[in-house]
Each structure stands twice: as structure tokens, then as C-alpha cells.
Amino acid sequence: MDRQYPCPSRILVTYAKIPDECQGCGCCTYGRIRKCENNGYCNNGCEDGYWGDRCYYRCMYNNCLRCARNNGYHCECRTGYYGFDCESWCGTNCETCDKTKGCLSCKGSHWGKTCNDKCKGNCDVCWKSDGQCSSCVKGYWGRFCFDECGSQCKTCNSLSGCTECNKGYYGSKCENYCGDNCASCDIKLGCTACDTGYYGSKCEHYCGDNCASCDIQLGCTACDRGYYGPACMYCHECVPGQYGLMCEQSCPKMCNTCENETNCVSCNDGYFGESCKKPCPDGCKSNTCIKKDGSCLTCKHGYYGKSCGSTCPESC
């Protein structure tokens, strides 16, 4: 005689035949004691998917992994299914499927109840509930990861954007360059300190070789001793033989010091005149004479006169 078991409202399952696989205690599970008795009673319970004293009956619902032995209900669902009757599917993109609540988290860049929706924009991972990005692919940030951090961004935060630039760059997207001579570059302020000897917003200006104090905003504020003017280019006093604002010009050949190429201030020994081109008179001792007119400071032995041009008589 067929056996009948009550099912929820609309379902009535009738069992008329023992499944082939369950013949001879085939659906009884192994355990600590013998598998089944002579009357077919399974001592250790049923294999997954079966119920009853002899485990002849399949669980009431198709996606039931295992069920209550006494009635075939109270299913534990197969992987990927959930609900009272295990008929609800979590979906292929579901990462975590709860047997009662359904899909709790999605795989990769998916969202939605069954994880069928793709995350928007440049999302790497998004919230299952509304699709907003929880993390972005490298180089992007924002609610849907539409905003770029910039090619010179070193650290890109999915929520706040670029938090660290590559060395030498600044700005919200690290799009600005601090300059080759910048010693300290702040992501918000730009260049805050220059290499020694440079100044300007990007340290693009050079204070000069003769600058003693170089300010990042004002430039050279003090020159080395002996120099003055813009970039400390001009000399207070030139070394012998040189003239000009930067002492870059050479005096005429016989000048010791000069003001320009024609006016010598002092001559080398043995010469006099405005350009020191005239030789001192032969009678001058040590070959030295006054620059202005060539008169000797002292005459050689046996000579006398302003220019030592006269010789003393032999009787002197």
C-alpha cells in the first residue's frame, strides 16, 4: 500500500516505489554502528537528500541538501540556494549565500539582490545594496570612481583622491611641477624650500655665485664681500689688471690698475702716461717714474734733473 505524507498547502508527495539506489540499505549512511537492521532501519541516519526510517524517501524539495529524517522538511539548502523550500537562487555572481537570508555579498564588481548588476564607472568593488563604489581601480576615486588621481599621483585614496604625489609634483591631481631646483615640494602649497642659491615660486631664478644670503621669495638679500648690485654681479674693487662692473675686462698691457681701456690709474714699473704706453726716462733709478709726467722719483748715479736726463760732469 502506498504511503502518503502531508506537505505544505499546495504540495502532496506520494511515494510508491523505493528508489533503486536505496535498495538494500543503499541510502543509509555509515557510522559507529552497523549501517542498518534486518528490517531496513538505518541506524546512523540517511545519506544527504533522503529521509525516513529506512531512508527510502527523497527530501521534499529539489534543492534540499539534507532534511529532517522524520518528515522530509526543514531543509538545509544546496550551495547557492536559500529559503524555506530552497527554491530561491543566490545567483552566479554571489560570493556569500546565506541559507535563510539569501545573498549577503557579491563577487568582484557586481551588486544587487542577486548580484546581476555591474558596478558603475571605474569601481573595483561596490556596495551590494546601491552600487556605490567601496574601492576604485588604480588611479581613480569618488562615489562612482569617475575622478582621476593623475599620472603623477603616488597614493590614490578611493574616497579622498590623491594623498601623495610623486617627488617634485603638487596639486589635487599632482598636475603641477615644483621645479628642478625645489628642495621641498608640498602637495597643497607647492615648493616651500629651494636648493641653495635659488629662489622664486618654482625656484627658477639663480641668486648668483657671489650671493651670501638667498631668500626663496626676495632673491639675493646680501652679497659676498667685495660685490654689489643685482645677483651680486658688480665688484667694489677689481684685482690688478682688470676693470668693469664685474671686473671682466682687461686693462691695457702696461696698466697696473685702470678705469677703462684708455685711462690707467697706475702703471707697471717703467711706464707712465694716461694709457701707460710711454717708457720712463733711462736716468730714473729702478726704472720708476711719476705716471702723470714721467718725472723720476730718484735718479741713477751720475744723472740729475727733473727727468734725470742730464749727466753729471766727470769731476763730480
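The values are calculated or read from the model by the stated rules, or taken from the named source; none is laboratory data. As the structure is a computational prediction, the values presented were derived from the model and not from experiment. Reconstructed Cβ throughout: ideal geometry from the backbone, glycine too, with neighbour counts over all protein chains shown.
Here is a yes/no grid of residues against (1) within 30 Å of Gly273 (Cβ to Cβ); (2) modelled with pLDDT of 90 or more; (3) loosely packed, with under 14 Cβ neighbours inside 10 Å:
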position	(1), (2), (3)
Cys149	no, yes, no
Asn176	no, yes, no
Asp186	no, yes, yes
Cys207	no, yes, no
Cys238	yes, no, no
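Of the strands (runs of 3 or more DSSP E) entirely within segment 61-131, those holding at least 3 residues that are under 45 Å from the mean Cα position of the chain (by Cα), more than 26 Å from Asp48 (Cβ to Cβ) and not assigned by TED's automatic domain parsing to the domain that holds Thr29 occupy 123-126.
Any chance you could count how many residues in segment 247-295 are surrounded by fewer than 17 Cβ atoms within 10 Å (Cβ to Cβ) and of a type in the set (Lys, Arg)? So the answer is 4. Of Tyr82, Tyr61, Tyr73, all but one fail to be under 30 Å from Cys133 (Cβ atoms), hydroxyl-bearing (Ser, Thr, Tyr) and either surrounded by 14 or more Cβ atoms within 10 Å (Cβ to Cβ) or in contact (Cβ under 8 Å) with a residue 24 or more places away in the chain (or both); the exception is Tyr82.
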